[in-house]
Amino acid sequence: MKPPKTVDEMIELMESRGLVIDDRERMRQILFDSNYYRLSGYFRAFQNDPAHGDNDFRSGTTAADFLEPYQLDVELRSLILRGTGLLELTVRSRFAYLISVDGGAYSYMDAESYEPATNRKGVELRSSLVSNIRKWLDLSSEVCIRHYRAAGEPVPIWAAVETMPFDTVSRMLGLHSDTKALRGVYRSLGVRTNLRSASEIIHAMVYLRNLCSHHSRLWHREMVIVSPVTKDMRRRFPDFAYEGKSVAQSLIALMYLVDEISGGDAYSSGVISFLNGHADYSAGLRHPLHWE
């Protein structure tokens with residue numbers, strides 16, 4: 001077990017590994033406020049060979065080198081959350097509307113409304129999903145949901161989707177058997193691909209949103225869940241380069257979706273302008289590194 005270190009011991013450790021710290025008092029405050037473990041994810045790009053245990057910093061590395069991408073991640077997460085917020089609200093609304101018009105306001109609670117898929121452990125996903133939906137409805141403190149519960153009445157889908165996290169709504173999209181409604185949702189977002197890939201795009205946006213909501217590192221991140229990139233997305237942003245499993249790969253999908261919803265390019269222009277203004281940082285978003 002690792003014993004805890006004081007802030008001064010953390011600074012001594014970093015200096016022993018070759019990091020140049022010009023302002024020790026500022027570094028004390030940064031470590032107190034930001035957590036050494038969180039910051040260490042930004043160290044890796046400046047260390048000799050962290051994947052094989054060589055955590056010494058390359059000669060001349062200063063604290064400013066990793067604090068810059070750390071701060072730029074804060075700014076980019078804010079930009080991303082603005083986009084995913086619009087996407088989430090739009091998907092909730094359009095999905096609820098099209099499902100209710102095509103199949104009724106309450107069919108979302110029936111397991112038969114979803115495909116009988118199973119995961120690798122053999123668990124039926126639709127049963128798990130319906131249980132999850134019921135859980136969120138039971139836990140909700142929203143006035144309208146409490147009203148339905150008190151009256152013993154079922155909750156219509158347009159009210160239900162407002163109580164559930166984006167992840168649950170994404171799973172509903174991925175498993176729902178009403179292909180007509182699903183195609184309507186995806187077409188309205190400008191997504192012209194097969195239903196599986198379309199649902200994977202939305203699922204990847206949920207993952208990206210959650211990373212940002214939990215203040216996770218984006219710079220040089222190797223994404224566990226990454227968005228498929230459609231031909232329309234590539235045509236829209238032909239000069240936007242990215243490597244597989246990079247944050248930039250999901251960014252191109254987010255920019256495309258938000259622009260489609262808003263009917264303009266203000267969002268993507270803002271993101272691209274931000275990235276172009278920070279070339280070294282931007283390169284880290286396009287290039288994932290694997291240190292484990």
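Observations, loosely collected:
- Cα lying deepest toward the dipole's positive end in the chain, options Trp136, Ser262, Thr179, charges on Cβ: Thr179
- Around the amide H of Tyr114, modelled in the peptide plane, lie the amide H atoms of Ser177, all under 5 Å away and 5 or more residues distant in sequence or on another chain.
- Shape analysis of region 1-123 places it in the prolate category; the axes a ≥ b ≥ c from the Cα gyration tensor give an a/c of at least 1.5, with a/b above b/c.
- Listed values for region 65-73 are Karplus-derived 3J(HN,Hα) couplings in whole Hz (6.51 cos²θ - 1.76 cosθ + 1.60, θ = phi - 60°), namely 4, 9, 6, 5, x, 4, 6, 5, 4, and x replaces Gly and Pro.
- Hits among lysines - C-alpha to C-alpha of Lys5 under 19 Å, sequence gap 8 or more where chains match: none
- Using a cutoff of 8 angstrom between alpha carbon atoms and counting only pairs six or more residues apart, the relative contact order for region 155-232 works out to 31 percent.
- Choice from Val169, Val74, Val161 showing the highest fluctuation, given a GNM over the chain with Cα pairs closer than 10 Å: Val74
- Each Lys or Arg adds one and each Asp or Glu takes one away; over the other residues whose Cβ falls under 12 Å from the Cβ of His287, this sums to 0.
- Phi angles across region 262-272 convert, under the Karplus curve 6.51 cos²θ - 1.76 cosθ + 1.60 with θ = phi - 60°, into 3J(HN,Hα) values of 7, x, x, 10, 4, 5, 4, 4, x, 5, 5 Hz, Gly and Pro given as x.
- Amide hydrogen neighbours beyond the local backbone of Leu19, cut-off 5 Å, H modeled: Phe57
- Exposure proxy ranking, count of Cβ atoms within 10 Å, fewest first, for Leu251, Leu182: Leu182, Leu251
- Loop-located trypsin sites (Lys or Arg not before Pro) across region 143-227 with a Cβ neighbour count of 16 or fewer within 10 Å are Arg192, with loop assigned by DSSP.
- Charge dipole of region 7-61 (Cα centre as origin; +1 on each Lys and Arg Cβ, -1 on each Asp and Glu Cβ, all else neutral): 220 debye, rounded to the nearest 20.
- Comparing mean-square fluctuations of Glu162, Glu153, Glu260 from a GNM of the chain with C-alpha springs under 10 Å, the top value falls on Glu153.
- Prolate/oblate/rounded label for region 194-269 (Cα gyration tensor, a/c 1.5): rounded
- For region 7-61, average projected area of the Cα convex hull in nm²: 3.5
- Charge dipole of region 7-61 about the Cα centre (unit charges at C-beta), most positive-ward option of Ala45, Gln29, Asn55: Ala45
- Total charge dipole magnitude, the chain, about the Cα centre, Cβ charges on Lys, Arg, Asp, Glu only, Debye to nearest 20: 900
- Loop-resident sites, region 37-88, for trypsin sites (Lys or Arg not before Pro), counting at most 12 other Cβ within 10 Å (DSSP): Arg58
- Around the Cα centre of region 140-292, unit charges on the Cβ atoms of Lys, Arg, Asp and Glu (plus for the first two, minus for the last two) sum to a dipole of about 360 debye.
- In sequence order, calculated HN-Hα J values of region 155-165 (Karplus, 6.51, -1.76, 1.60; Hz; x Gly/Pro): 8, x, 4, 5, 8, 4, 5, 7, 9, 9, x
Each reported figure results from applying straightforward, stated rules to the coordinates on display, with no laboratory input. Values in this document were obtained by computation on a predicted structure and should not be read as measured data. Cβ sites come from the backbone with ideal geometry, for glycine too, and all protein chains shown count toward neighbours.
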